[in-house]
Structures are given as C-alpha cells and as structure tokens.
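Take a look at the structure set out below.
The values are calculated or read from the model by the stated rules, or taken from the named source; none is laboratory data. If you're wondering where the values come from, they're calculated on a predicted model, not measured in any experiment. Positions of Cβ are generated from backbone atoms using ideal geometry, with glycine treated the same way; all protein chains shown enter the neighbour counts.
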Amino acid sequence: MCGISGVVGSSDVTKRLYNCMLNLEYRGYDSCGMAVLSNGQIDVRKNTGRVAEVFEKERFSEFRGRLGIAHSRWATHGHPSKINSHPHTNQNGNIALVHNGIIGNYLSLREELIAKGHVFKSETDTEVIPYLLDLYYEHYGDFERAVRATIERLEGTYAFAAIEAGHPDRLFCCRNKSPLIIGTGKDANYIASDIVAFIEYTKKVVYLNDNEYAIVSKDSFEVKSASTGKYQQKEIDTVSWDAEQARKGGYPHFLLKEIYEQPIALREALEIDDEKIKALAGMMDEADRTYLIGCGTTFYAALLAQYYFKAFAGEYAPAVNSDEFRNLCGVDERTLVIAISQSGETFDSLEALRYAKANGAKTAAIVNALGSSMTREVDFVIMQGAGPEKSVLSTKAMTSQIVVLTRTALWLAETRKSLPPDELEEIKAGLGALPDVVRSILDEKPGFIRRIANRVGRFKKWLYIGRSYHLPAALEAALKLKEVTYIPAEGMAGGFMKHGPISLVDEEMAVVVLMPPPENEELYRSTFNSVSEMKSRGGRMIGLHFDAQESVFDEQMILPKVHSVLAPIPQLVAGQLLAYFVAVLLKRDPDNPRGLAKSVTVE
Amino acid sequence: MIILSGKPLLEHSLGMLRETGITDVVIVIGHHSEQIRGHFGRGASWGMNIEYVQQGEQDSIADAILLARDRFKGLDYFILSYGDTVFSKNIFSNCLASFSEFKKSTAVVALAPQTEFYGNVYLDDTSRISRVVEKPKGHAMGNYVLAGTFVLASEFFDLVEKNEANVAGAFNALSKDYGFYATIWEEDWTDVNLPWDVLQANRILMNGWENATISRLATVAPNVTFTGPVFIDHYAEISDGVVLRGPCYIGKHCYIGNNCLIREFTSLGDHTTVGYGVELKNCALFGRTRVGRLSFIGDSVIGQDAIIGSGTMTVNESLDDTTIEVKIGDRLVDTGLTKVGAFVGDRAVIGASNTLPPGTLVPPGSRLPHRGTIG
C-alpha cells in the first residue's frame, strides 16, 4: 500500500505536504520522498526509512515552494532503496512524479524508451512514466497533451501526480483503478490517495473516477476524461467525519481491527518464502547454541517457540528477556541470537543484539516494520509482513511471529529428521489451517466472549493458568488483560500454583485456565487437577478449552479444534478478545492504554 | 409510542439523522400511525422533510422496505434504519463514516445478548460481510449481528423483490453482487422488542448524560435536593423535600409532590403527576399519568394516560434472588434480570393499594379495582 499526495497553494506548502505524507504513514512506510518546485527548479529528496527519519536525513525542513508532491511506501516484499523510492524524475529533472499502483507493460515501455536513448536510473515500473511524459512533451509542446498521450500508453493500475518545472502553478494527476481524491481548501488545493492525508486542512473533496485526469491549481481544478479529453463536471462533497475514524475502517478501535486482521497476517506468515525459513533453521543448526530474545509480548512468542524447538527438533533454545540478556547469557562465535520484534526499534532488544555481536555471535531477527534499525543490524532478517500495527497492544504481529517460528522449528525438525514424517505433515497441515480457524473464532465467538467479559469483567484480580505450550499463551493473555484494563493479572504455570500462589485464590479471584485438548491426556489431567483445586477455594473459573461443556468451569469458551501443539494459538485469540471486551466494559482506551508506548525505544 | 426522556424513540433516531445532515426521511408505519403522524407531521419543526407510507397488519420487514421503494428512485444509496433500535451515540455518523471508506453498502454490526432474533454475520478479511444467517433456531451463535442500521445500494430493493421478501437472502445477494461491508459498533445498544427492553433503552440514552439541566420555566421549591445529571423540563413543578438522583428526566408540566424520591434512570413523560412520598426508580412513564401518593414504581414501564392508585407497589425482586419471568401471551419468558417491576399499558387504571408481583403485565385499558380491607 502506498500513499501519494500533492499540494499547490498561494503560499509555502511544504509543511502541509509533509503532513499529508505523515498522515498516510499509518498505511505503512519503508521509504518516502518529496519533490518541491520553486524558482523554476524541482528539488527531489527521498530515502529509505520512516517519514520522520527521512525528514532528518534529507533535511526536508529546507524545502520551500508553493507546489509539491510526496510519496510514502509500504512494501511487504522486496528491498527498499533510495534509488527506487519516489518521486521519480525524467532525465534532466524537470518532471517529477509519484505513483501508486503497477504499470503492467512497463518492461516493453522501458525497452522502447531505452531504444530512443533514454537512460533509466532505477528498476521500478514507475520511472517509465516521467520518461514518457518527457517524450510526449517534446513532441507536442503541451504538457496536458503529453499527460493524455502518456495515459494512453500505460496499462495497469495507477494513480500518479506530476509536476513540471515550467508550470509552477499546477499539478497534473490521473486516476485509473488506484484511488485518488482532490481536496479543495482555502488557499490551496490537495490531491491524495486517501482523504486522511489532507482532512485536517479541508473537508471538501472531489472524487475522481477511473480514467480521469485533473489539472489542479491553487484555487481551481479541471477534471477531464483521459480518453476523450472532455471536461467532466464534478461536485464538491463535504465529508462529515474525522481522520481517526476513517483509518479504523469500520472498527471502533485499532485493537479490534488488528485482532480481526490476524487471518491475513497469518496467511502472510505462511507464505513467506521457504528459503528464508530454511536459512534461519540452518543458522540454528550450525550454531552451538541459540537464544531467542524479546520483550513483553515478543518474549512470550519466543517462549512458545522454545517449547516448539524442543518438541520438534530436540533443540534447547532458551527464550530470554532482552533487558536481562547480557546479565544472563554468555555468547561467543558459536552462538546465534534471534530477536523478535514488531517495531524493530525496541531499545532493549537492540542493545542485546549489539552485545551479542560485539562478542562475535551471529544475529538474526523476525521483524514486522520494514526499514527499522534491527533489520539493518542483524546478519539475517525475516520480515513478517503482517502490516502496520497501530494499537499499542500487539496482537497480529505476535501470532504471525509464532507462525514464523513454528515453521522454523518444523524445518529444523525436517533437517534433523527428529519428527516422523507423517507427524511433521500433520503439524504443517494444522498450521496451514490456522487462518481459517482464527477466522471462525472471530466470526462465531465474540458474542460469547463478550458475555463472559460482562459477567467477570469486574473481578479485581486475575490468574491465567497453563501448562507446557499453554504456559506462554497464559502469560501473554494475562499481559493483554493487564495492559489494556489495568487489572492485576498474573500468568502462571499450572504446576507452580501449589508451591505458594494457590493461597491467593478466593471468591474475588477470576482464574482463566488454558486447557489443552483432551487428546493430550496427561497434560489435560494435570491441568484439570489445578482447576479443581482452585475451584474448591472459591475462584471464579473461566475455561478456554476444546471439548464439550465442562461443569467445573463457571464460564467457558469452547474453541474450534486444532492440532494439539497449535492449541495455544486459538487461546491467544480468545484471550485478546477477552481483554478487549473487558476494556470496553470498564471504559478503558483500548488503543492507547495509560503509560504505554507502541515501541519502547528507551531503556 | 414509547416515550423516553420526553421524546418518542423515533425522535431520538431522527435527531441523529439530522445531526449528520440527512433531512429527507420516509417512515413506514404500521400501528400507532396516527400518533406518529400526529407527533411528527411533515417534520418541519425539526428541520426535516418526512413522508409516510402505511404498511398493512401482516406486512413483514421485506414488505415494509418495498413499500418505500418509489421514494428512492434515482438515488444510488439510501439509509435503512429499523425504528425500534436505540444506540448510545450517533449510529448514523458511524455508519456513514465507514460507508465513505468502503464506498459500498455498509451495515452496522454489534454483539447482542441473544443472537436468535437477528441476522448473524460472517466477515472476511477485509470487513466484507460474506454471509448473513438469519435468526438461527436453537443453535446459539456468538457472531456479530446486523444491528438494524444500513447504508444500502438502491439495487437492494430489486434484490428484496427477487428474493421473495427474504431479507437475509437479499443481504446475501447484495454481498455477492454489489459488496456489503460491516462497521462494528462496540458501544451500548438495544432493540426494543420486549417490555423490559424499554428500561435498557432508557438506561442507554441516559448513560451519556453529563450535565444537569433545569428549565428556567420550571418551578423548584427551595429545599429540593439534586445529585447527578437531573433534567427538569419546562413548566415542571417540584415540591418541597423532593430528592432527585440523576440521571433522571422530569418532563414538561410534570408535578412532583412533597418528599418524593426520584432515583436514577427514571424518565417521566410530560404531564405526569406524582403524589406525596412516591419513590420512583429505574422506570419509564410515557406521560399524562397520575401516580397516587405513597407508591413505589421500580424497574417498571407505565404507558400514557394511565392512573396508578395510591399505595401501589410494583414489587421488583423475587425473594430468592432469581431472575424474573414475565408471562407474554401464554409463554413464560425469562427476562434474565433479577429486578423487574410491572408493565402497565396505556390508559390502564390501577386502583389503590394494589401490589403488583414482579413481572406483572397489565394490558392497555385494563381496570384493577381498589383493594380494600373492608367489604
């Protein structure tokens, strides 16, 4: 998903243009750039990195001008680079252009242009557009005609905006199957992929249809049909809503939205190239010892992975909290440290990686945010591709990380032949079915979970209990509740209870038990014993399980069956929804809990 | 009509529509049509333009929808709203905002305590509604349900017709052929089907109140006590010693006698007269009712033009803390609530000293005689 924007005004527009680009940042970014026209010259600055980073690197504050275009990019595959970023220009830089979409026939166009003597700088499809504009501008001497002629040659989906040095008062834009909207403001006009870009400046919008282009100047705009060149009458609509609401796309909170995006995020994680997973597994196989590090939710993801590496591949790869790493772990050249991070900027994890590197260890990371520091500092990185995660609570990033780690554990098992092939296939099949399982939970269970939340949401203290694979899930589910409702909740190993904590349990304690599937007889029995103990002490027992109704639980959530080793994952999703609904009940702010930041970039 | 905080339910919805800038409305009415028309007229005083279409006794939702069809000719999209749903905030803003994003038909979906009365939805990865399952029998579901507010493509009318008045089928066809998206409503809402739903609706409407409002034209005696968001409307008269605990609403021209105790979530429609020493709690009186001295009205709904004799008690809890059941027709329905009073219809007359057990239903126009200990 990319975002393009453009502003043309009667006074300096660069701050507004920058803000438009920033407002589209929620869609994601791995590189961005701006082109501003002033004094007959087009100044193009672009680079990889987040918008604020590139602002610093390229000194966007120096931009001045009354006409400019901007672009921000989020790619789920591929390596961003400065050269490939937008805006792109023609050879002598008097035309600058930003583009969203895919030019299907760009290769043949490229060839044609190269044959005519044009020299390309990047590998992108976009670059053919400014070159075509150049070609036709030469030919016709009129830039609008050049735009039309260019559009005629393009195949594919595109929304683009172009500025030309000799036209300092207007921008040219076009829409074909990629979104583009015009905004008319007081002393400036705007164009963007999404209203969210400029809604803080104006709520008056004009919608472009496919195969239309527009010439936008500071106080007027003309929309014409790309095929006939005929003027199109357009109405100015006033939008009545605000930007924040739009970004949530039908969800009351980003947290709920991201919980609901898990099926897609899991699919993305399943589709990550096998070669990458294999490479990570290979690194583990080669190393003498591997540590899995993370903070908070990512630590719990690491912890679950630790169980999987042991169960599938016989590998002891301890999960370690990043902030304690250097105090606990010895590292050398035969060590591998794998960090797990949504933002790729978590200070504690970065420090742990640097410590590891300084001592000769190999490093790797599983990261969601492209272009982040971690991706540049490790030897090997796997990008999750779960899409931007706006809520402070991590939901889809975590389950996606678990899938990546599970796949790695399975690859290691395959390499070492430590699992019988049919069991391996079964687990893989189970993994492949996860997106649909999660989908069915999201479709069919929220009503039940919310009812449970309404009935137990006012308990002042909570315990989450699990054994084996279900322990990390219990810890994470407790963390979710803590984070968003501010209620004290502790995750705990079932076996640990009777060594002290059982004395906490009374009628004021809500206990969520993550039951293993009944096929896992021993684990089921031992977890069940903990349940009976706690119930006899008056605890309000809430069961997350896979079986038929169990009378021992006061509340229960029956989840769809999955392969027994993957059972924690549906429970994680149920735990997320439970925390969400309790937060709604208690009128908390699910997206911005007090005192928490999305990415902890400080110590 | 159901009147809460001095307004018919429909007026709350119309107010929300007007806030979002929608002023052209077609109301399909069945019973109470005279009352509704009488109250709203053409909507001029609300700055709206209201048209009415009369539906027949046996008409279904689908029939009702089709009756309005002609008024929407030539439009690409229209808003459909089931009139008996109450939301805590402006549901139309929410729906329209999401519609602007999706640019396709959009439905508000929410979680409901019982999914059997609603269309249950299945969503896909992009908030698209992939399937609607209408009123599943016996099989309890936990899905989000259609909450009765939609922005629909005008093709929907054709789909309702084609699907032989099966609205769920029409929704499924809409999803398949034109696109149908969901916007999730996480705040309070309720359908008003059963009598006790009125109490829930009343709570939802009052829950958001932050300020106390006292009309300049109201008369309030010097030693009246208020706490919380108390709303006293024009020409209401509050006598000495009354205690008001908000949120509560005292309608226009109401008279509250000495020493009454009016507790949270009480809504008194206009021209309600309340005698000395009456306690009112979590109740909705629709208006023009006399409540005799020393009565207790709790967790109850009283229709318009009713007379409640002196010393009437609406008992609102069972002795053993179980949920209250109400006899509707010949069925006993569990309200799921432990505090339920009485439901008294319009124009009912309840004589003095009557004690109404929890969940009593008094049909409109009934007469209960005075209860005497002599003779």
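Structure summary
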{"read-out": "Conditions (1) more than 20 Å from residue A:259 (Cα to Cα); (2) within 8 Å of chain A (Cβ to nearest Cβ); number of the one not met by residue B:137", "value": "(2)"}
{"read-out": "Sole residue being modelled with pLDDT under 95, out of contact with any Phe, Trp or Tyr (no Cβ under 7 Å at 6 or more places or on another chain) and among the basic types (Lys, Arg), chosen from B:281, B:327", "value": "B:327"}
{"read-out": "Which listed residue is more than 21 Å from the chain's Cα centre (by Cα), within 14 Å of chain B (Cβ to nearest Cβ) and surrounded by fewer than 24 Cβ atoms within 10 Å (Cβ to Cβ), from A:445, A:428, A:482, A:460", "value": "A:445"}
{"read-out": "Filtered residues of the range B:49-70 (kept if of a type outside the set (Asp, Glu) and surrounded by 14 or more Cβ atoms within 10 Å (Cβ to Cβ))", "value": "B:50, B:52, B:53, B:55, B:61, B:62, B:64, B:65, B:66, B:67, B:68, B:69"}
{"read-out": "Check on residue A:331, assigned to a loop (DSSP other than H, G, I, E, B) and assigned by TED's automatic domain parsing to the domain that holds residue A:434", "value": "yes"}
{"read-out": "Criterion: more than 25 Å from the chain's Cα centre (by Cα), modelled with pLDDT of 95 or more and not polar (S, T, N, Q) - qualifying residue of A:305, A:301, A:287, A:281", "value": "A:287"}
{"read-out": "Scan of the range B:232-275 for residues that are over 17 Å from residue B:218 (Cβ atoms), without any contact (Cβ under 8 Å) to a residue 24 or more places away in the chain and either in a loop (DSSP other than H, G, I, E, B) or of a type in the set (Ser, Thr, Tyr) (or both), ordered by number", "value": "B:259, B:263"}
{"read-out": "Which listed residue is among the hydroxyl-bearing types (Ser, Thr, Tyr), in contact (Cβ under 8 Å) with a residue 60 or more places away in the chain and in the same structural domain as residue A:472 (by TED's automatic domain parsing), from A:526, A:536, A:530, A:503", "value": "A:530"}
{"read-out": "Top-ranked residue of the range B:186-210 - restricted to ones that are part of a loop (DSSP other than H, G, I, E, B) and not hydrophobic (A, V, I, L, M, F, W, C), ranked as nearest to the other protein chains (Cβ to nearest Cβ)", "value": "B:186"}
{"read-out": "Top-ranked residue in the range A:209-265 [being at pLDDT below 85 and among the polar types (S, T, N, Q); ranked as nearest to the chain's Cα centre (by Cα)]", "value": "A:245"}
{"read-out": "One residue from B:183, B:149, B:213 being under 22 Å from residue B:3 (Cβ atoms), at pLDDT 90 or above, under 26 Å from the mean Cα position of the chain (by Cα) and within 14 Å of another protein chain (Cβ to nearest Cβ)", "value": "B:149"}
{"read-out": "Index of the failed condition, residue A:354 passing every other in (1) on the phi < 0 side of the Ramachandran plot; (2) in a loop (DSSP other than H, G, I, E, B)", "value": "(2)"}
{"read-out": "Elements of type strands (runs of 3 or more DSSP E) contained in the range B:30-120, each with 2 or more residues being touching a strand residue (DSSP E or B) at 6+ places or on another chain (Cβ under 8 Å), within 14 Å of chain A (Cβ to nearest Cβ) and closer than 23 Å to residue B:154 by Cα", "value": "B:77-81, B:105-110"}
{"read-out": "Condition met for residue B:174 (within 27 Å of the chain's Cα centre (by Cα), surrounded by 20 or more Cβ atoms within 10 Å (Cβ to Cβ), away from chain A (no Cβ under 14 Å) and hydrophobic (A, V, I, L, M, F, W, C))", "value": "no"}
{"read-out": "Filter result for the condition that a residue is within 14 Å of another protein chain (Cβ to nearest Cβ), crowded, with 24+ Cβ neighbours inside 10 Å, out of contact with any Ser or Thr (no Cβ under 6 Å at 6 or more places or on another chain) and not β-branched (Val, Ile, Thr), over A:256, A:270", "value": "A:256"}
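Conditions tested, residue by residue: (1) assigned by TED's automatic domain parsing to the domain that holds residue B:303; (2) touching a strand residue (DSSP E or B) at 6+ places or on another chain (Cβ under 7 Å); (3) of a type in the set (Val, Ile, Thr).
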residue: B:316; (1), (2), (3): yes, yes, no
residue: B:319; (1), (2), (3): yes, no, no
residue: B:324; (1), (2), (3): yes, no, yes
residue: B:336; (1), (2), (3): yes, no, no
residue: B:339; (1), (2), (3): yes, yes, no
residue: B:343; (1), (2), (3): yes, yes, no
residue: B:350; (1), (2), (3): yes, yes, yes
residue: B:359; (1), (2), (3): yes, yes, no
